[in-house]
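Here is the structure we will look at.
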Amino acid sequence: MKNILNAPFMEEMIRTTTNMYAHGWDERNGGNISMLLDEAEVKEYLDTDQVIRSIPTGFSAPELDGKYFLVTGTGKYFKNVQYAPDVNLGIVRIADCGGTAELLWGYTDGGKFTSEFPAHMMSHVSRLAVDPANRIIMHCHPDNLLAMTYVHSLDEREFTRTLWQMETECIVVFPEGVNVLPWMLCGTNEIGEATAEKMKTARLVVWAQHGIYGAGKDLDETFGLIETAEKAAGIYMKIAHLPIRQTITDDMLHQLEERFGVKGREGYLD
Ligand code: 2HA
Ligand code: ZN
């Protein structure tokens, strides 16, 4: 059996949580990540017949039965993942129509998966239905996106258009735009269901006054999505209080669509 701490997926997870902490997006125990793992790859590192504990999830997601996930732990700090991955991360296999997570590795202090597990697992279901290559759901608290939800309209078309106008790359990176949820109580099945519904039409879902969810096929792509939206939000927060003299027009956005072979969300451009 190979050493799981050297698994490429483990190294990537450690690098990403460390980097996200360094960006200031994951203060204290803020943020969480889940990564769908390939069963054959897991079996190179773990005896999948050895279940350490069965942990009830409190929700149903039959689509995920038998799937393996590497998940950050509840109450754990991203800054500490690199020093004690086996305490701060866990690998679970979903069973009982989503009702049980079988712990196969990690959470060695008796802990369990993130409090946002429902939003993660339900979002995986939504994204896999749209894109079978989706592997990652990532949540964090980036300053500028959060700030923007206090001063900007939460209308999804308006929010998306503002981000597209703040940096040329945005419409290329997230042509489907960002979806937005109003403030809701976090950690619940309700916010999980609402997030998953929004994930059907976009890989980015803003949680007003809280943070953002991203989805993608790997950690780099998902991090890059959030990074690009956050950069645009930062430009907005720098200029929103100043007189605007020029911007990226809809005509320019159409030129970008053509040049990069992308199509902005239907009805979002004039
Ligand atoms: O895990 O970010 O939304 C801490 C959080 C909850
Ligand atoms: Zn959060």
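Across the chain, the mean sequence separation of Cα contacts (distance under 8 Å, 6 or more residues apart), normalised by length, yields a relative contact order of 19 percent.
For segment 12-143, divide the Cα radius of gyration by the Kirkwood radius and give the resulting Rg/Rh value with two decimals.
Values: Rg = 13.9 Å, Rh = 14.8 Å.
Dividing the radius of gyration by the Kirkwood radius yields 0.94.
Counting neighbouring beta carbons within 10 Å and listing from fewest to most, the residues W207, W183 come out as W183, W207. Roughly what would the spin-label model give for D47 and D86, points 7 Å off Cα along C-beta, in nm? Each label point lies 7 Å from its Cα, and together they span 1.5 nm. Taking the chain as a Gaussian network of alpha-carbon nodes connected by springs under 10 Å, the highest mean-square fluctuation of the residues R53, R135, R161 belongs to R53.
In summary, the lysines within cross-link reach of K112, defined as a Cα separation below 16 angstrom excluding same-chain residues under 8 places away, comprise K76. Between E257 and D65, the simple spin-label model (points 7 angstrom out along Cα→Cβ) gives 4.3 nm. Between the listed residues G214, T48, S60, the Cα displaced farthest toward the positive end of the dipole of the chain, a dipole computed from Cβ unit charges relative to the Cα centre, is found at G214.
Within 10 Å of each residue's Cβ, count the other Cβ atoms and sort I239, I171 from fewest upward. Could the numbers behind the result be given before it?
Values: I239 13, I171 28.
Starting with the residue having the fewest Cβ neighbours, the order is I239, I171.
Is there a quick way to get the dipole size of the chain? I mean about its Cα centre, with the Cβ of Lys and Arg at +1 and of Asp and Glu at -1; what is the value in debye to the nearest 20? Intermediate values should be presented prior to the final figure.
Numbers: 24 positive and 39 negative charges, 96 e Å.
Roughly 460 debye, rounded to the nearest 20.
Please give the peptides 244-250, 113-119 ranked by average Cβ packing (other Cβ atoms within 10 Å per residue), highest first, as a rough proxy for protection. Please report the intermediate quantities before stating the final value.
Values: 244-250: 10.7, 113-119: 24.0.
Output ranking for 244-250, 113-119: 113-119, 244-250.
Overall shape of the chain was characterised from the C-alpha gyration tensor. The equivalent ellipsoid obtained from it has semi-axes of 34, 18, 17 Å, in decreasing order.
Taking every Cα-Cα distance in segment 68-123 and sorting them into 10 Å bins starting at zero, the pair-distance distribution P(r) comes out as 26, 56, 17, 1 percent. Residues considered: H23, H120, H241. Largest GNM mean-square fluctuation over the chain, using C-alpha springs under 10 Å, is found at H241. For segment 150-193, list residues with backbone N below 16 Å from a point placed 7 Å from the Cα of H241 toward its Cβ? Hits in segment 150-193 for H241 at 16 Å: 150-152.
With r as the distance between the Cβ atoms of D220 and M1 and R0 = 30 Å, compute the FRET efficiency 1/(1 + (r/R0)^6) and round to 0.05. Can you show the working numbers first?
On the way: r = 28 Å, r/R0 = 0.92.
The pair M1/D220 has a calculated efficiency of 0.60.
What is the fewest-to-most order of H210, H124, H254 by other Cβ atoms lying within 10 Å of their Cβ?
Details: H210 19, H124 26, H254 14.
In order of increasing Cβ crowding within 10 Å: H254, H210, H124.
Working note: Debye formula, equal point scatterers on the alpha-carbon atoms of segment 197-270, no solvent; log10 I(q)/I(0) at q = 0.15, 0.21 Å⁻¹ is -0.72, -1.26.
Here, each number is a calculation from the coordinates, and none is a lab measurement. Computed from a predicted model, the values in this text were never measured in an experiment. Note that each Cβ is placed from the backbone with ideal geometry, even for glycine, and that neighbours are counted across all protein chains shown.
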